[in-house]
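The values are calculated or read from the model by the stated rules, or taken from the named source; none is laboratory data. Computed from a predicted structure; not experimentally measured. Cβ: placed from backbone, ideal geometry, glycine included. Neighbour counts: every protein chain shown.
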Amino acid sequence: MTTSAYYSGPKILQRLHEGPLGVHIDIYAAKLLKEGHCQQSAWRSLRVVCDFSHWLARKRLDLHDLDEQTVKQYERFRLRYRCPFVSDHSALQRLLTVLRENDAIAPRPTVVLSQLDQIVEDFDRYLSLQCGLARVTITRHIPVVRRFLHERCAGGSAQVSRMTAADVVRFVERHAGDHSPRSAQSMCWSLRAFTRYLQYQGYIATDLASSVPSVKQWRLASLPTYLLPQQVQKILDSCDRSSPMGMRDYAILLLLARLGLRASEIAKLTLDDIDWQLGQLTTRGKGRRQDQLPLPAEVGAAIADYLRRGRPRSESRRVFIRVAAPHIGFASSSNVSMIAKMALVRGGIDGVAHKGAHLFRHSLATQLLRAGASLTEIGQLLRHQQHDTTRIYAKVDISTLRSIALKWPGGAS
């Protein structure tokens with residue numbers, strides 16, 4: 001029995017196998033072993049499932065009655081009569097997944113979408129399949145579209161065809177100040193793409209994309225924040241390279257500091273992307289673009305050390321995975337950004353406007369510029385698609401700018 005990997009007492013083993021879920025408890029325990037849960041985490045998950053099984057028996061329910069709604073009922077019971085833990089919900093969701101993988105319960109019920117939600121769902125699919133946008137990009141724009149539709153077409157999908165330019169303008173005026181100017185620009189991009197899609201699909205006859213207002217924001221208006229080389233080294237030295245987490249974080253920080261990778265590129269990095277013989281790295285960047293970068297010896301040694309001594313066993317092909325179970329790849333780039341942010345805190349770095357993974361990218365570009373690299377070379381290393389993107393780093397070369405600056409009229413000579 002797989003449950004015997006966590007429990008040895010005959011009484012608790014007997015109790016675990018009681019109730020409607022008893023015959024499947026070993027499969028669930030095997031899932032915990034596969035995901036690499038520690039004993040304490042597995043104990044808590046198994047006890048929640050065991051209590052759920054006995055609750056089902058008292059309610060005279062069997063596996064045919066088990067679905068998301070049944071789990072919600074039990075969670076309400078657990079909140080009232082038990083001492084719930086933060087991991088209880090994920091343990092029960094894992095149970096549903098295991099039972100469905102083994103055809104023990106019915107598949108997840110199909111959600112019937114409203115007509116407006118179906119339009120949003122089709123637009124989501126259009127952005128992914130036709131436009132080739134990454135999931136993280138689509139996720140930013142869909143909420144804007146859903147909000148716009150439900151505000152303008154609260155009466156139903158029939159109102160979509162009666163949409164006018166004034167409706168679009170009023171929506172922008174109402175929500176442009178909700179967040180930063182950059183967010184307002186993103187909102188306008190979403191509306192332009194969506195109105196083009198509506199015209200393309202025949203929902204509207206007129207071109208409303210041209211009526212979406214523009215939100216002004218001056219490009220290159222601020223200086224990029226950056227770290228000095230000694231500060232970067234201080235952050236690297238703050239990693240505890242004797243622990244699995246420290247080895248992982250050290251390798252990630254080196255990829256940020258030495259190659260200027262984006263957080264999303266590190267999160268998506270797989271074992272197949274590293275060519276150890278040629279000493280190069282394949283990155284998957286914006287717009288599904290792939291680039292080959294040289295793998296510095298220092299970075300390669302840190303990754304190899306992590307893979308040999310720090311990386312937990314996992315079926316995932318991602319290079320960097322979670323330390324805590326389940327041992328899978330990062331859910332998004334925000335995990336890498338959080339690792340960078342915590343490293344900055346450990347290193348005692350203050351006085352920077354933004355603390356995150358992109359700060360290391362700015363620091364590398366600034367260091368290369370001061371070492372004599374051209375903006376073209378920096379843009380190639382950072383894989384900028386447009387040369388204008390690299391121009392912001394010209395402003396950090398203060399000494400060169402001072403030599404070409406004109407004297408202020410009436411000022412000191």
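What number of residues within the stretch 237-267 satisfy the criterion of being assigned to a helix (DSSP H, G or I) and either closer than 14 Å to Arg346 by Cβ or not hydroxyl-bearing (Ser, Thr, Tyr) (or both)? First the steps, then the outcome.
Taking the stretch 237-267 and keeping what is assigned to a helix (DSSP H, G or I), we get 237, 244-259, 263-267.
Within this subset, residues satisfying the condition of being either closer than 14 Å to Arg346 by Cβ or not hydroxyl-bearing (Ser, Thr, Tyr) (or both) are 237, 244-259, 263, 265-267.
Residues flagged as assigned to a helix (DSSP H, G or I) and either closer than 14 Å to Arg346 by Cβ or not hydroxyl-bearing (Ser, Thr, Tyr) (or both) within the stretch 237-267 amount to 21.
Which is modelled with pLDDT of 95 or more, closer than 23 Å to Ala324 by Cβ and of a type outside the set (Val, Ile, Thr), of Leu56, Leu32, Leu92?
On the way: Leu56 fails: closer than 23 Å to Ala324 by Cβ; Leu32 fails: modelled with pLDDT of 95 or more.
None of the other options fit; the residue is Leu92.
Please enumerate the residues belonging to the stretch 355-378 that are of a type outside the set (D, E, K, R) and free of Cβ contacts under 8 Å to residues at least 40 places away in the same chain. The answer is Leu368, Leu369, Ala371, Gly372, Ala373, Ser374, Leu375, Thr376, Ile378. Pick out the one residue from Ser316, Ser332, Ser337 that is closer than 30 Å to Lys31 by Cα, among the hydroxyl-bearing types (Ser, Thr, Tyr), assigned by TED's automatic domain parsing to the domain that holds Trp276 and modelled with pLDDT under 90. Sole residue among the options that is closer than 30 Å to Lys31 by Cα, among the hydroxyl-bearing types (Ser, Thr, Tyr), assigned by TED's automatic domain parsing to the domain that holds Trp276 and modelled with pLDDT under 90: Ser332. Among the residues of the stretch 106-118, are any crowded, with 16+ Cβ neighbours inside 10 Å and over 19 Å from Pro326 (Cβ atoms)? Checking the stretch 106-118: at least one residue is crowded, with 16+ Cβ neighbours inside 10 Å and over 19 Å from Pro326 (Cβ atoms). Can you spot a residue in the stretch 340-356 that is basic (Lys, Arg), under 15 Å from Leu253 (Cα atoms) and either touching a strand residue (DSSP E or B) at 6+ places or on another chain (Cβ under 6 Å) or assigned to a loop (DSSP other than H, G, I, E, B) (or both)? Yes: one or more hits. Output the residues belonging to the stretch 283-331 that are within 20 Å of the chain's Cα centre (by Cα) and among the β-branched types (Val, Ile, Thr). Answer for the stretch 283-331, where residues must be within 20 Å of the chain's Cα centre (by Cα) and among the β-branched types (Val, Ile, Thr): Thr283, Val319, Ile321, Val323, Ile328. Only one entry of Leu16, Leu66 meets the criterion of being buried (at least 19 other Cβ atoms within 10 Å of the Cβ), of a type in the set (A, V, I, L, M), over 30 Å from Arg313 (Cα atoms) and modelled with pLDDT of 90 or more, and that entry is Leu66.
Scanning the stretch 169-190 for residues that are surrounded by fewer than 16 Cβ atoms within 10 Å (Cβ to Cβ), acidic (Asp, Glu) and either touching a residue at least 60 places away in the same chain (Cβ under 8 Å) or assigned to a helix (DSSP H, G or I) (or both) turns up at least one hit. Among the criteria (1) surrounded by fewer than 16 Cβ atoms within 10 Å (Cβ to Cβ); (2) in a helix (DSSP H, G or I); (3) at pLDDT below 95, the one Ala304 does not fulfil is (3).
Show me the helices (runs of 4 or more DSSP H) found entirely inside the stretch 20-115 where at least 1 residues are of a type outside the set (Lys, Arg) and free of Cβ contacts under 8 Å to residues at least 12 places away in the same chain.
Answer list for the stretch 20-115: 39-58, 68-81, 88-101.
Is it fair to say Ala340 is without any contact (Cβ under 8 Å) to a residue 24 or more places away in the chain and not aromatic (Phe, Trp, Tyr)? In short, no.
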